[in-house]
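FYI, it's all coordinate maths here, none of it is from the lab. Worth saying up front: this structure is predicted, and the values here are computed from it rather than measured. All Cβ positions, glycine included, derive from the backbone under ideal geometry; neighbour counts span all protein chains shown.
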Amino acid sequence: MRKQILKYKLFLGLALVLLAACKKDNLPASTTLPVVQGYLIPGQGITVKLYQQKTLDDTAKYGSPIAGVAVSVSDGSTSVKLTESSSGVYAYNAAGFLVSGKSYTMQFTYQGNVVSAKTVMPAKPTNFTTQYAAITITTTTGTPNTAALDRMSWDNPDSLNHVLVFNNADGPAFPLSTFGGNRSANFELNTNQAAYIDLVQNNFPYYGHYQVMLFSVNQEYINMIKGNTGGATSQNLVNLPTNVVNGFGIFTAMQADTLSFNVF
């Protein structure tokens, strides 16, 4: 479980590539603001990554790291200082510090501005289950089958936000020929505040053994994935939604449950 969540945190980081890149160069007031990437997960250490914004001709995935700042996270009664473990990466061993229902505020000062963000630790998902432990897809040419192949469900009486993340342990080794192997082996689905999701053939670009994680998330994360459509161009530059004051990016909290699922 710990290994899978760490892989997911790497997957989440890719969502900020556009955010770090697509900043309008004709906005001097915003070009000095930092990009923040921080995800709080109970049982994991706190890690906050800080980057400079990228220019449009920069082909790197991320901007330059921001080193040498003092980053802290507070739960309202206790404030902990993060240690810079590598350039631009600030960490803290958070055993016992991250608790469901508590609010957490991240803060640091950068170029004379106080940068901050606040989030709440959601409850861990309960009764996460799948109708079938495995499904078989036999038709991989022509129009994909739109019939429901499986239903995954969980408790959600208050219509809270959840996302499902599918990590394929086999990677892109066994593509469904319909998709030609052009999609990522790992993917996530927004459940749109429902208590279940019906899976169809089109959800799966590859056969394989999946670890499926159901994350309870906050609205700031939903805003980010809805805004990260990949449609930004040099003629249409927009900043992604952010919950960071005097900065860009995201600082959010989440909890997960996991199960195994096979596609044959």
* Please work out how much length the chain gains when fully extended from residue 226 to residue 146, using 0.36 nm per residue of separation minus the C-alpha to C-alpha distance, in nm with one decimal. => 26.5 nm
* By average C-beta atoms within 10 angstrom, highest first, the peptides 199-207, 256-264, 187-195 -> 199-207, 256-264, 187-195
* For the charge dipole of the range 129-214, defined by +1 on Lys and Arg C-beta atoms and -1 on Asp and Glu C-beta atoms about the Cα centroid, which residue among 210, 185, 163 has the Cα displaced farthest towards the positive pole? -> 185
* Amide H neighbours of residue 82 under 5 Å, counting only residues 5+ apart in sequence or on other chains, H built in-plane at 1.01 Å? -> 71, 72, 73
* Structure fact -> Residues whose built amide H sits under 5 Å from the amide H of residue 109, excluding neighbours closer than 5 in sequence, are 70, 115
* Sorted from fewest to most neighbouring beta carbons within 10 Å, what does the list 132, 104 look like? -> 132, 104
* Asked: Tell me, what HN-Hα J-couplings in whole Hz come from the Karplus equation 6.51 cos²θ - 1.76 cosθ + 1.60 at θ = phi - 60° for each residue of the range 64-70, using x for Gly and Pro?
  -> 5, x, 9, 9, x, 10, 9
* Asked: If each of residue 78 and residue 245 carries a label point 7 Å out from its Cα toward its Cβ, how far apart are those two points in nm?
  -> 2.4
* To do: Using all C-alpha to C-alpha distances in the range 129-214, build P(r) with 10 Å bins and read off the rounded percent in each one.
  => 17, 49, 29, 6, 0
* Asked: Taking the Cα-to-Cβ direction at residue 85 and at residue 103 and moving 7 Å from each Cα, how far apart do the two end points lie in nm?
  -> 2.8
* For the range 86-94, in order, what is each residue's ³J(HN,Hα) by Karplus, 6.51 cos²θ - 1.76 cosθ + 1.60 with θ = phi - 60°, in whole Hz (x at glycine and Pro)? -> 8, 4, x, 10, 10, 9, 8, 6, 9
* Roughly what would the spin-label model give for residue 195 and residue 95, points 7 Å off Cα along C-beta, in nm? -> 3.8
* Asked: For residue 260 and residue 182 in the same chain, what is the full-extension length gain: residue separation times 0.36 nm, less their Cα-Cα distance, in nm?
  -> 25.7 nm
* Asked: In terms of modelled amide H atoms, which long-range or inter-chain residues lie less than 5 Å from the amide H of residue 218?
  -> 253
* **Note, ³J(HN,Hα) from phi for the range 108-125, Karplus 6.51, -1.76, 1.60, rounded to Hz, x at Gly and Pro** => 7, 10, 9, 6, x, 9, 7, 9, 8, 7, 10, 8, 10, 6, x, 6, 6, x
* Count the net charge of all other residues whose Cβ sits under 13 Å from the Cβ of residue 119, scoring Lys and Arg as +1 and Asp and Glu as -1. => 0
